[in-house]
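Worksheet: one structure, shown below.
The values are calculated or read from the model by the stated rules, or taken from the named source; none is laboratory data. Predicted model only: the values in this text are computed from it and were never measured. Positions of Cβ are generated from backbone atoms using ideal geometry, with glycine treated the same way; all protein chains shown enter the neighbour counts. Side chains are part of the model used for accessible areas, which takes the heavy atoms of the whole protein and leaves out ligands, DNA and RNA. Shrake-Rupley method; radii C 1.70, N 1.55, O 1.52, S 1.80 Å.
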Amino acid sequence: MEPVTQTRQPLLQAQGLSIGHGREALITGIDLTLAAGQVLCLLGPNGAGKTTLFRTLLGLIPPLAGKITLGGSDLALLGRARIARHLAYVPQSLQPPFAYSAFDIVLMGAAARLSGLARPGPREEAKAHEALERLGISDLARRDVTRLSGGQRQMVLIARALAQGAGGLVMDEPTASLDFANRAQVSEAIRRLAGEGTPVILSTHDPDHAAALSSHALLINRGGVVASGPAAQVLQAETLSRLYGTPVRQAISPDGRRLFY
Amino acid sequence: MRLSFSLAASFAVSLAGLGFALLLVMALGFAIGPYPLTPGQILGVLTGTEPDPRAYTVLRNIRGPRVVSAALIGAALAAAGAAYQTVFRNPLVSPDILGVSAGAGFGAVLGILLGLPVMMIQAMGFGFGLGTVALVMGLSLALRGGAQLLVMVLCGIVIGALVGAGISLVKLLADPDEQLPAITFWLMGSLAGVKRLDLMAAAPAILLGLVPLIALRWRIGLLAMGDDEARAMGVEAGRLRLIVIAAATLMTASAVALAGVIGWIGLMVPHMARLAAGPRFDRMLPAALLIGAGFMVLVDTAARSIALIEVPLGILTAVLGAPVFVVLLARGARRWSL
C-alpha cells in the first residue's frame, strides 16, 4: 500500500454533475469528493438514482453534464483498464451463472492489470490469495461461491476489488440483503479498509448504518441533492425527514451514537 | 501456492486423459467400417512406413476425411456452445440461439433446390448462417439501441421461425423424388458425403474462428459476470462480446455447411467440459474441444455402423442429448435466468 498523505488530491471528484439514462436527467447539480480514508455514504429512496450515479462515476454511462475527475484525470478520457486501476466496483450481489470457486472470482480482479491476451500467472494468484487473507476468508478459497452465504459472497466481492488493486471502492448496497451477523462482518471490513486509506463510496437504505459507518454523506432524491457534507452534519432527523418525505426522529444511544426511527 | 499448483496439476491430468481418449476414439473410427483395418495397418499408413495400398485408399479418401471432419465439427460446435453460454451468461444457450444453424440450413437447402454444385451449397449455407446472425444482431440493436440479452435472444427466435418457414417452403417446392430426400437428410446432419476437398474448404474457417477464442480465453470468462461488472474490472465487454459471437458464429456456420444441422452438441458438451475441468472458460474450453471432437467421432462411427443404412447424426445426438438436458434442468434450474 502506497503511503497516503492529506495533501494529495482526492481520488474522485465530480462537479456540477447531471446523471440519467438517455436525455432525461435523473439528478442535476451533484458535487462530490472522495479522498483517502473517507467513507462516503449515499442515501435516497428507491429510484432516486443511486445506482445510476455509481454507474456514471465508474464511467459505465456518460454524465449528461458536469465533469468527473478520477486520479487527477478527466474520467471521459480514461480507458476501461485505467478506470479499473483507480476504482473497483462491488455489486450488490454475486450470482454467477456457473459454479466458480471463490478464488476464481477473486482472481478476476487481475484483469485490470493484464493485457488483453495475457492470463494471470503466479504473481496474480499470489495477489488473489493475499486479498482473501487480508479479509480473513482464506478458508473460502476453494468453495463454490453459489453455495456461500450472502455475507460470504459479499466478502468475496470485496476481496476481488482488493485484488484489482484499485485506489477506491464503489459498493452498491453492500449490506442490503444480509442478516445481522453478516452485516456486521461486512461493515467491519469496510471500516478497516477505510482506516487503511482506501476510500469507499457506498449506498444504503439504512440511516443508522450510514451514521455508524460513514465519514461523509450525500442525500439524493428525484431531481436533486437534498444535503451533502460530513456525516455528523448531514445525518439529522430533519434532513432525513425531508429526504424520505416521512417524519423521522432521532435518539442518542448510551454510547453516544445517533439512532433514527 | 500449493493450492493453485495442485489445481493446475489436476487440470493438466484431466486434459491429458481427454486427449488420450480422443486419440483412441479416432483410432476406432479409422478401424471400423465395411473394410475393417487393424491397428498395424492404420499406423502403417499414418507413419508412412508400411503403406498397405487398400488401407491407404480407404483412409486417405473415405474414412480419414470423415473421421477428421467429425472431430473438427464436434470441436467447433462444442467450442461455439461454450462461448455462447459464457457471453450470454446462460448454461442453456446453444449455437442455435442466434439462428445460426437455421440460417445456414436455409441457405444450403436453397442451394439444393436450385441444383447448385456441392461447394456452392456449402457457400450458401455459410453465407446465410452469417447473414442470419447479422440480421438478429442488427434487429436487436435497432430495437433497444444496445446488445440487450433478452431482446437478442427473442430476435433469434423470431428470425429462426421465419427461416424455418422458408425451409418449409423450399421443401414444398422441391422435387419429391430427387431433392426432398437430399434436403431432409441434410437437415438431420450427416457426414456420409464428406470428401477431402469439403474438409479442406471448411477447416480454415473453423480454425480461424477458434483463434480468438483460444487467445482471449481468460478474459472471455469475465463476460460471465455481466457487462457492468466486466467493464468495471477493466474489460471492454461490448467489443469482446462481439468478437466472441463473430468467432463462434463463423465456427458454427462452417460446421453446418460441412455436415448439415447437428443439434445438442453445443449444448451438452460444454456441461461435460465443466464437470471435467471446472467452470472457468480458459480451462473448460480445451476440455470442450477434446470432448466435442471425441463425442462426434464416436457418434459418427456409430451412425455408419449400427444399422445397414446411415443413421442421421442429428437423430443420434438428440437421443443422447435430450436426457442429458433434462438432468441438467433438474439439477440447476434454480440459478439460471436470462
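Can you go through A:SER138, A:SER115 and tell me which one is open to solvent by 40 Å² or more (accessible area, probe 1.4 Å) and more than 26 Å from B:VAL211 (Cα to Cα)?
On the way: A:SER115 fails: more than 26 Å from B:VAL211 (Cα to Cα).
That would be A:SER138, the only listed residue that is open to solvent by 40 Å² or more (accessible area, probe 1.4 Å) and more than 26 Å from B:VAL211 (Cα to Cα).
Being closer than 30 Å to A:GLU125 by Cα and either of a type outside the set (Gly, Ala, Ser) or more than 14 Å from chain A (Cβ to nearest Cβ) (or both) narrows it down to one residue among B:ALA70, B:ALA79; which is it? Reasoning before the result, please.
Details: B:ALA70 fails: closer than 30 Å to A:GLU125 by Cα.
After ruling out the rest, the residue left standing is B:ALA79.
Quick one: would you say A:ALA176 is open to solvent by less than 30 Å² (accessible area, probe 1.4 Å), more than 14 Å from chain B (Cβ to nearest Cβ) and in contact (Cβ under 8 Å) with a residue 40 or more places away in the chain? Explain how you work it out, then say what you get.
Details: open to solvent by less than 30 Å² (accessible area, probe 1.4 Å): no; more than 14 Å from chain B (Cβ to nearest Cβ): yes; in contact (Cβ under 8 Å) with a residue 40 or more places away in the chain: yes.
Against the criterion (open to solvent by less than 30 Å² (accessible area, probe 1.4 Å), more than 14 Å from chain B (Cβ to nearest Cβ) and in contact (Cβ under 8 Å) with a residue 40 or more places away in the chain), A:ALA176 does not qualify.
B:ALA165 versus (1) surrounded by fewer than 21 Cβ atoms within 10 Å (Cβ to Cβ); (2) in contact (Cβ under 8 Å) with a residue 12 or more places away in the chain; (3) over 30 Å from A:ARG113 (Cβ atoms): which is the lone unmet condition?
Against the list (1) surrounded by fewer than 21 Cβ atoms within 10 Å (Cβ to Cβ); (2) in contact (Cβ under 8 Å) with a residue 12 or more places away in the chain; (3) over 30 Å from A:ARG113 (Cβ atoms), B:ALA165 comes up short only on (2).
Being open to solvent by less than 40 Å² (accessible area, probe 1.4 Å), on the phi > 0 side of the Ramachandran plot and either in contact (Cβ under 8 Å) with a residue 12 or more places away in the chain or away from every other protein chain (no Cβ under 14 Å) (or both) is true for just one of B:GLY278, B:GLY314. Which residue is that? Can you show your working first?
Details: B:GLY314 fails: on the phi > 0 side of the Ramachandran plot.
After applying the criteria, what remains is B:GLY278.
Is at least one residue of segment A:141-159 assigned to a helix (DSSP H, G or I), touching a strand residue (DSSP E or B) at 6+ places or on another chain (Cβ under 6 Å), within 10 Å of chain B (Cβ to nearest Cβ) and of a type in the set (A, V, I, L, M)?
yes
Condition check: more than 14 Å from every other protein chain (Cβ to nearest Cβ), assigned to a helix (DSSP H, G or I), over 13 Å from the mean Cα position of the chain (by Cα) and more than 29 Å from B:LEU329 (Cβ to Cβ). Does B:LEU258 satisfy that?
Working: more than 14 Å from every other protein chain (Cβ to nearest Cβ): yes; assigned to a helix (DSSP H, G or I): yes; over 13 Å from the mean Cα position of the chain (by Cα): no; more than 29 Å from B:LEU329 (Cβ to Cβ): yes.
Spelling it out, it is not the case that B:LEU258 is more than 14 Å from every other protein chain (Cβ to nearest Cβ), assigned to a helix (DSSP H, G or I), over 13 Å from the mean Cα position of the chain (by Cα) and more than 29 Å from B:LEU329 (Cβ to Cβ).
Quick one: is B:ALA246 on the phi < 0 side of the Ramachandran plot and either among the charged types (D, E, K, R) or crowded, with 24+ Cβ neighbours inside 10 Å (or both)? Let's see the steps before the verdict.
Working: on the phi < 0 side of the Ramachandran plot: yes; either among the charged types (D, E, K, R) or crowded, with 24+ Cβ neighbours inside 10 Å (or both): no.
Here the answer is no, as B:ALA246 does not meet what is asked.
Look at A:GLY165 and say whether it is closer than 30 Å to A:ASP74 by Cβ and either open to solvent by 40 Å² or more (accessible area, probe 1.4 Å) or at the interface with chain B (Cβ under 8 Å from one of its Cβ atoms) (or both). Even if it seems obvious, please write down each step before you answer.
On the way: closer than 30 Å to A:ASP74 by Cβ: yes; either open to solvent by 40 Å² or more (accessible area, probe 1.4 Å) or at the interface with chain B (Cβ under 8 Å from one of its Cβ atoms) (or both): no.
No: the conditions fail for A:GLY165.
Among the numbered criteria (1) in contact with a Leu (Cβ under 6 Å, 6 or more places away or on another chain); (2) closer than 20 Å to A:HIS205 by Cβ, which single criterion is violated by A:ASN182?
Of everything listed in (1) in contact with a Leu (Cβ under 6 Å, 6 or more places away or on another chain); (2) closer than 20 Å to A:HIS205 by Cβ, A:ASN182 misses just condition (1).
Checking A:GLN233 against (1) open to solvent by 50 Å² or more (accessible area, probe 1.4 Å); (2) under 14 Å from A:LEU43 (Cβ atoms); (3) touching a residue at least 40 places away in the same chain (Cβ under 8 Å), which single condition isn't satisfied?
Of the numbered conditions (1) open to solvent by 50 Å² or more (accessible area, probe 1.4 Å); (2) under 14 Å from A:LEU43 (Cβ atoms); (3) touching a residue at least 40 places away in the same chain (Cβ under 8 Å), the odd one out for A:GLN233 is (3).
Could you run through segment A:89-101 and say how many residues are among the hydrophobic types (A, V, I, L, M, F, W, C) and more than 8 Å from chain B (Cβ to nearest Cβ)? Talk me through it step by step, then tell me what you get.
Restricting attention to segment A:89-101, the residues satisfying the condition of being among the hydrophobic types (A, V, I, L, M, F, W, C) are A:90, A:94, A:98-99.
Okay, now just the ones that are also more than 8 Å from chain B (Cβ to nearest Cβ), so A:90, A:94.
Total meeting the criteria: 2.
How many residues are within 16 Å of A:PRO97 (Cα to Cα), assigned to a helix (DSSP H, G or I) and more than 7 Å from chain A (Cβ to nearest Cβ) if we restrict to segment B:212-230?
Qualifying residue count for the region: 5.
Output the number of the condition that B:GLY193 fails; it satisfies all remaining conditions of (1) assigned to a helix (DSSP H, G or I); (2) small (Gly, Ala, Ser); (3) more than 14 Å from every other protein chain (Cβ to nearest Cβ); (4) open to solvent by 10 Å² or more (accessible area, probe 1.4 Å).
Unmet condition: (1).
Scan segment A:102-115 and give yes if some residue there is facing another protein chain (nearest Cβ under 8 Å), out of contact with any helix residue (DSSP H, G or I) (no Cβ under 7 Å at 6 or more places or on another chain), closer than 20 Å to B:ARG89 by Cβ and at pLDDT below 95, otherwise no.
For segment A:102-115, residues facing another protein chain (nearest Cβ under 8 Å), out of contact with any helix residue (DSSP H, G or I) (no Cβ under 7 Å at 6 or more places or on another chain), closer than 20 Å to B:ARG89 by Cβ and at pLDDT below 95: absent.
Return only the number of the condition from (1) open to solvent by 20 Å² or more (accessible area, probe 1.4 Å); (2) among the aromatic types (Phe, Trp, Tyr); (3) farther than 18 Å from B:VAL68 by Cβ that B:PHE295 does not satisfy.
(3)
Tell me, yes or no, whether segment B:69-79 has at least one residue that is over 21 Å from B:LEU207 (Cβ atoms), in contact with a Gly (Cβ under 7 Å, 6 or more places away or on another chain) and not β-branched (Val, Ile, Thr).
Taking segment B:69-79 as the starting set, the residues that turn out to be over 21 Å from B:LEU207 (Cβ atoms) are none.
No, every residue in segment B:69-79 fails to be over 21 Å from B:LEU207 (Cβ atoms), in contact with a Gly (Cβ under 7 Å, 6 or more places away or on another chain) and not β-branched (Val, Ile, Thr).
If you go through segment A:119-134 one residue at a time, do you hit one that is facing chain B (nearest Cβ under 9 Å), open to solvent by less than 60 Å² (accessible area, probe 1.4 Å) and over 28 Å from B:PHE88 (Cα atoms)?
yes
Considering only segment B:232-242, I want to know if a residue exists there that is more than 7 Å from chain A (Cβ to nearest Cβ) and over 29 Å from A:THR51 (Cα atoms). If you could, list the steps in order and put the result at the bottom.
The initial filter retains those residues of segment B:232-242 that are more than 7 Å from chain A (Cβ to nearest Cβ), namely B:237-242.
Narrowing the set further to residues that are over 29 Å from A:THR51 (Cα atoms) leaves none.
Scanning segment B:232-242, I find no residue that is more than 7 Å from chain A (Cβ to nearest Cβ) and over 29 Å from A:THR51 (Cα atoms), so the answer is no.
Go through segment A:175-261 and tell me which helices (runs of 4 or more DSSP H), entirely inside it, have 3 or more residues that are within 24 Å of A:GLY151 (Cβ to Cβ). Steps first, answer last, please.
On the way: elements: A:180-195, A:207-213, A:231-234, A:237-244.
By residue number, A:180-195, A:207-213.
From the list B:LEU59, B:LEU43, exactly one residue is crowded, with 17+ Cβ neighbours inside 10 Å and not β-branched (Val, Ile, Thr). Which is it? Steps first, answer last, please.
On the way: B:LEU43 fails: crowded, with 17+ Cβ neighbours inside 10 Å.
Checking each option against the conditions leaves just B:LEU59.
Identify all residues within segment A:79-101 that are within 14 Å of A:ASP172 (Cβ to Cβ) and among the polar types (S, T, N, Q); write none if there are none.
Filtering segment A:79-101 for residues within 14 Å of A:ASP172 (Cβ to Cβ) gives A:87-95.
Residues satisfying the conditions are A:GLN92, A:SER93, A:GLN95.
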